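J.: Structure below; questions to follow.
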Amino acid sequence: MILTVIRLIATDLDDTLLNASSELAPRTQAALSAAMAVGCGVAISSGRMLEATLPFARRIGVNAPMLIYNGAMLYDHIAGETLYATRVPYEIALGVVRLVEKAGSYIQLYPGEGYYCSEVLDRTRAYAKQIGVEVTPVHMPMSRWLEAHPGDMQKLLVIDDTPERADALQRALREAFPHGASFQKSKPHYIEIMPEGVNKGASLERMADLLGLKAEEIMAFGDGQNDVPMLEFAGTGYAMANACAQARACTPNIAPPNTEDGVAQVIERYLAEGRLGPLRPSPT
């Protein structure tokens, strides 16, 4: 039996590639470098904004485009070029914000550069510390701010009090907005809000087309509900042992937890078996 060679590794950051301190462990860095040394592509696939993803792209030296904002943008950090981007329409974004505020929940807006909140709370500080980018508070309801700054949004993010409140709000949002936006959880109490039809799987498929790859030549790692489409699209999808139930249910492949360099352990095994190969150039 001839095993398919993996030519692209797409990996989520938080709770997947990064450890419990949101840091890149030396073993993981070494494994990624070894994969790229044999020519394999490495792509970051994250819900994070560009400013919070670039430092890791540069530190790792990724050699493939980044999939950010949960797939709403494909960005080539080497060329400094946006390859693809789509946004949540203004009217939909405003309706979402109003519904979230009516529910008494907290929301952040991402217009494409920086991110904004009404007031800085403990959850805001924790999020900012995790991603390494400070928020801009506007000191007014986000609906009023958005009305004063009309424009499409790259992403919106709800950080709710509990997973149960987030589940209920996610259901309410999906019912109220069956078109125009998509709603996925990246953590038990996080609701990621992107344009309709946008997810990591669709974006990874777009990247595969750009790079001239087949799905079976791609390996993906993730832990959240928002990673499920990516794990399902990739020929080899690995859910982390610490992943949510939906992610673990969508694939038979389970990597060790992020706290044990799980991504590195899998990559090391594939390297030892000679199953990582060079990224093919884009078709001309």
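J.: Select from region 112-126 the residues that are in contact with a Leu (Cβ under 9 Å, 6 or more places away or on another chain) and either more than 22 Å from GLN154 (Cβ to Cβ) or among the aromatic types (Phe, Trp, Tyr) (or both) and list them in ascending order. Even if it seems obvious, please write down each step before you answer.
T.: Of all residues in region 112-126, those in contact with a Leu (Cβ under 9 Å, 6 or more places away or on another chain) come to 112-113, 115-117.
Answer for region 112-126, where residues must be in contact with a Leu (Cβ under 9 Å, 6 or more places away or on another chain) and either more than 22 Å from GLN154 (Cβ to Cβ) or among the aromatic types (Phe, Trp, Tyr) (or both): TYR115, TYR116.
J.: Sticking with this structure for a sec: Go through region 1-30 and give me each residue that's free of Cβ contacts under 8 Å to residues at least 40 places away in the same chain, closer than 13 Å to VAL263 by Cβ and either touching a Cys at 6+ places or on another chain (Cβ under 8 Å) or not in a helix (DSSP H, G or I) (or both).
T.: Matches in region 1-30: LEU24 only.
J.: With the requirement that a residue be charged (D, E, K, R) and within 19 Å of GLU192 (Cα to Cα), what does region 123-172 give you? So that I can check it myself, show each step before the final result.
T.: To start, the set of residues in region 123-172 that are charged (D, E, K, R) comprises 123, 125, 129, 134, 144, 147, 152, 155, 160-161, 164-165, 167, 171.
ARG123, ARG125, LYS129, GLU134, ASP152, LYS155, ASP160, ASP161, GLU164, ARG165, ASP167, ARG171, listed by residue number.
J.: Here's something else I'd like to know. Among the residues of region 31-42, which ones are touching a residue at least 60 places away in the same chain (Cβ under 8 Å) and farther than 17 Å from ALA57 by Cβ? Steps first, answer last, please.
T.: Just the residues of region 31-42 that are touching a residue at least 60 places away in the same chain (Cβ under 8 Å), to begin with: 31-32, 34-35, 38-41.
If the condition is that a residue be touching a residue at least 60 places away in the same chain (Cβ under 8 Å) and farther than 17 Å from ALA57 by Cβ, then ALA34, VAL38, GLY39 are the ones that fit.
J.: Is it the case that region 188-204 has a residue that's in contact with a strand residue (DSSP E or B) (Cβ under 6 Å, 6 or more places away or on another chain), in the same structural domain as CYS117 (by TED's automatic domain parsing), under 18 Å from LEU109 (Cβ atoms) and assigned to a helix (DSSP H, G or I)?
T.: So far as region 188-204 goes, no, none of its residues is in contact with a strand residue (DSSP E or B) (Cβ under 6 Å, 6 or more places away or on another chain), in the same structural domain as CYS117 (by TED's automatic domain parsing), under 18 Å from LEU109 (Cβ atoms) and assigned to a helix (DSSP H, G or I).
Condition check ((1) over 22 Å from ASP167 (Cα atoms); (2) touching a Pro at 6+ places or on another chain (Cβ under 7 Å); (3) modelled with pLDDT of 95 or more) across all residues:
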position: ASN199; (1), (2), (3): no, yes, yes
position: ALA202; (1), (2), (3): yes, yes, yes
position: GLU205; (1), (2), (3): yes, no, yes
position: GLU217; (1), (2), (3): yes, no, yes
position: PHE221; (1), (2), (3): yes, no, yes
position: VAL228; (1), (2), (3): no, no, yes
position: ALA249; (1), (2), (3): no, no, yes
position: ASN253; (1), (2), (3): yes, no, yes
position: PRO256; (1), (2), (3): yes, no, yes
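J.: Follow-up. Where residues in region 159-187 are assigned to a strand (DSSP E or B) and out of contact with any helix residue (DSSP H, G or I) (no Cβ under 6 Å at 6 or more places or on another chain), which of them is surrounded by the fewest Cβ atoms within 10 Å (Cβ to Cβ)? Step through it out loud before you land on a result.
T.: We begin by selecting, within region 159-187, every residue assigned to a strand (DSSP E or B); these are 159, 181-187.
Now restrict to residues that are out of contact with any helix residue (DSSP H, G or I) (no Cβ under 6 Å at 6 or more places or on another chain): 182, 187.
Numbers: SER182: 23, LYS187: 19.
That would be LYS187.
J.: Further, regarding this structure: Just to verify a result, which residue in region 14-30, among those that are surrounded by fewer than 23 Cβ atoms within 10 Å (Cβ to Cβ) and hydrophobic (A, V, I, L, M, F, W, C), is farthest from ALA208 (Cα to Cα)?
T.: Only one residue fits best here, namely ALA20.
J.: To continue, here is another question. Does any residue of region 78-86 turn out to be surrounded by fewer than 24 Cβ atoms within 10 Å (Cβ to Cβ) and over 20 Å from the mean Cα position of the chain (by Cα)? Show your work before the answer.
T.: Taking region 78-86 first, the residues surrounded by fewer than 24 Cβ atoms within 10 Å (Cβ to Cβ) are 78-86.
In the following step, the residues that additionally are over 20 Å from the mean Cα position of the chain (by Cα) were identified as 79.
Among the residues of region 78-86, at least one is surrounded by fewer than 24 Cβ atoms within 10 Å (Cβ to Cβ) and over 20 Å from the mean Cα position of the chain (by Cα), which makes the answer yes.
The values are calculated or read from the model by the stated rules, or taken from the named source; none is laboratory data. As the structure is a prediction and not an experimental result, all values here were calculated from the model. Positions of Cβ are generated from backbone atoms using ideal geometry, with glycine treated the same way; all protein chains shown enter the neighbour counts.
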